[in-house]
Each structure stands twice: as C-alpha cells, then as structure tokens.
Amino acid sequence: MKILGIETATRTGSVAVISSNGVIAEYTLNIEATHSERLMETVERVLRGAGIALADLDGLSVSVGPGSFTGLRIGIATVKGIALATGKPIAAVPTLKALAWNMPHAGYLVCPVLDARKKEVYAALYRYENGLPVAAMDAQTLSLDALAERISERTIFTAEGSHLFRNDIQRLSGDLALFAPLSATVPSAASVAEIGLLMLSSGEQVGPDDLGPIYLRRPEAEVAWEKRQRSR
C-alpha cells in the first residue's frame, strides 16, 4: 500500500508518502509562510520526487487535530479535494497520537503538548503497549497546572509545547518530567501516514463528507460572532 500523509496542525507543515515497506519521501518545513501558500506545491513536489502519481496511491491520511484551526482546515480541505477527485479512502489521524508516535517503545508515559493559547494547552497521555501508543488520558484542553495534576509517574513530554513551556513543566512536575529531543518533537507526516496505513488496513476510514477537525475548543471567530449577535 502507498499512503499520502498530510500534517498541518501546527506551523510546521509536513507531507509524506509511505508504503508498507517504509518511508518513500517526506518534506517538512517550519517557516512563516501559511499552509495555503505551500501545501499543494509541497504535495506535488513529494509525489514528483517519489515518482508516484495520485492514481498510484491506495489512500490518504491527514492530521485532524487538535491544533491550529486554520492549519487544520487547510489540510483537511486539501485531502477532501484529493479524495473527491480520486476516490481514495481517508484515514483521520488524531494529531496528538501522531506526535506520540515519534517516541516508539517508550518505557514511560508520553505526553504530547501543543499551545492552545489563553494560558492553556492541548495534551494527552499515551502508554506504549505491544509497540503501539494507547491513550491513558484522552486529548483535552487544560492549564499546565491541571496537566501537572495528572502526572503521577515519569512522563516524556514532546511536541512544540514541551520546549515552549519547558520551564513551567519542569517547575510543576519536577523529576517526573522528561523531555524528548527536538528532532522527535517535530510533527511528521510520515507518522500520520503510518498510522493511517494501519487504520485503512483494518477498514477504519472516512469519506470526504464525514472528514472534520477535532478542535476541542470552539474557534475564536465563532465565539466572537455569537457575542456580536447577542449584543445587538
């Protein structure tokens, strides 16, 4: 099987193609340019470099959140468009699970952390069982203090929030807090694609009409619109 993976949940954009035998190509970029400016160009570059056409793919896999509202919408819309044009099946991959995937066979709990703004984070806890990450705490939005209350054993913190909030995590969790190397904290479309391959192989797929983001929190624009409506 050949799977195209797309990751746009954070500022770091990533596109990859993998097969059952491993990663064929991956392109990751962390720059100021928006995903809308570079995503389709990146998809074309990765496929062209791998010598693979869209028709050659067996499925699509996309990171669905939580994360940047705008980034998620762009990645999901792109995958919807490709699926509608090609009829390829889609795997909707939770972003935090894909980030935990970068720490295989960890002997400790793994806690991917993303900045949710408003002094909160998106976080989940995973424990590796039989080589796969199993959720010990579902993805949720909470303060760093509330997250620290969930940490009762040694835990590896990863993803961009692990270095953005490293000092606070260290202060709140002390010796229980371990930190992944920077190379393991970067969102990876290859991880998204690999999880997607497993999902699609077991029949876990969604159609374009059912594909949507996991926000955990309502978009700020929606909340502001409702406030304006109530004030009229």
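The values are calculated or read from the model by the stated rules, or taken from the named source; none is laboratory data. Values in this document were obtained by computation on a predicted structure and should not be read as measured data. Cβ coordinates were reconstructed from backbone atoms using ideal geometry, including for glycine residues, and neighbour counts include every protein chain displayed. We work out accessible area using only protein heavy atoms, side chains counted, and drop any ligands, DNA or RNA first. Shrake-Rupley method; radii C 1.70, N 1.55, O 1.52, S 1.80 Å.
Round to the nearest 10 and give me the degree value, 0 to 90, for the angle of helix 189-201's Cα axis relative to the longest principal axis of the chain.
The angle comes out near 70 degrees.
Give, as ranges by residue number, the residues of segment 176-194 whose backbone N falls under 11 Å from the point 7 Å along Cα→Cβ of Y108.
176-181
Compute the semi-axes of the equivalent ellipsoid of the chain, taking the square root of 5 times each eigenvalue of the Cα gyration tensor, and list them largest first in whole Å.
Sorted largest first and rounded, they come to 29, 23, 15 Å.
May I ask for the Kirkwood hydrodynamic radius of segment 85-223, worked out over all distinct Cα pairs and given in angstroms to one decimal?
Averaging 1/r across every pair of different Cα atoms and inverting gives 15.9 Å.
Put a dot 7 Å past each Cα toward the Cβ at M1 and D58; how far apart are the dots in nm?
0.6 nm
Once you list every other residue whose beta carbon is under 15 Å from the beta carbon of L109, what net charge do they have if Lys and Arg are +1 and Asp and Glu are -1?
Within the 15 Å Cβ shell, the charges total -1.
Under a Cβ-Cβ cut-off of 14 Å, what is the net charge of the residues other than I24 that fall near it, where Lys and Arg count +1 and Asp and Glu count -1?
Taking every other residue near I24 into account, the sum is -1.
Using a Förster distance of 25 angstrom, determine the FRET efficiency expected from the C-beta separation of E44 and S19, and round it to 0.05.
0.85
Please give the net charge around G75, taking every other residue with its beta carbon less than 12 angstrom from that of G75, where Lys and Arg add +1 and Asp and Glu add -1.
+2
For a paramagnetic label modelled at 7 Å from the Cα of A146 toward its Cβ, which residues of segment 172-202 fall within the zone defined by backbone nitrogen distances under 18 Å?
172-173
Towards the positive end of the charge dipole of the chain, with charges on Cβ (+1 Lys, Arg; -1 Asp, Glu), say which of M199, S183, H35 has the farthest Cα.
H35
Helix-only estimate, please: 222 nm mean residue ellipticity of the chain, summing -39500 (n - 2.57) across DSSP H runs of length 4 or more and dividing by its residues, to the nearest 500.
Computed mean residue ellipticity for the chain: -11000 deg cm²/dmol.
Residues of the chain: accessible area per residue at 1.4 Å, in Å²?
On a per-residue basis, the chain sits at 49 Å².
So if I place +1 on the C-beta of Lys and Arg and -1 on the C-beta of Asp and Glu, and nothing else carries charge, what would the dipole magnitude of the chain be about its Cα centre? I want it in debye, nearest 20.
With Lys and Arg at +1 and Asp and Glu at -1, about 620 debye.
Pairing the Cα long axis of helix 69-86 with the longest principal axis of the chain, what angle in degrees results, from 0 to 90 and rounded to the nearest 10?
The two axes meet at around 20 degrees.
For S202, put the label point 7 Å out on the Cα→Cβ axis and report which residues of segment 125-156 keep their amide N under 15 Å from it.
Residues 127-136 qualify, since their backbone N sits under 15 Å from the label point.
Roughly how many whole Å is it from the C-alpha centroid of segment 146-203 to that of segment 99-127?
Distance between centres, Cα-based: 3 Å.
Relative to the longest principal axis of the chain, what angle (0 to 90°, nearest 10) does the C-alpha long axis of helix 35-50 take?
Between the helix axis and the principal axis of the chain, the angle is about 50 degrees.
Report in % the part of the accessible area of the chain that belongs to carbon and sulfur, leaving out ligands and nucleic acids; probe 1.4 Å.
The computed percentage sits at 50.
Show which lysines lie in cross-link reach of K88 when reach means a straight Cα distance below 22 angstrom and same-chain residues fewer than eight apart are skipped.
Of all the lysines, those that pass the test against K88 - Cα under 22 Å, at least 8 places apart if same chain - are K2, K80.
Keeping all protein chains in position, work out how much accessible area R154 exposes to a 1.4 Å probe, and write it in Å² to the nearest 10.
About 100 Å², rounded to the nearest 10.
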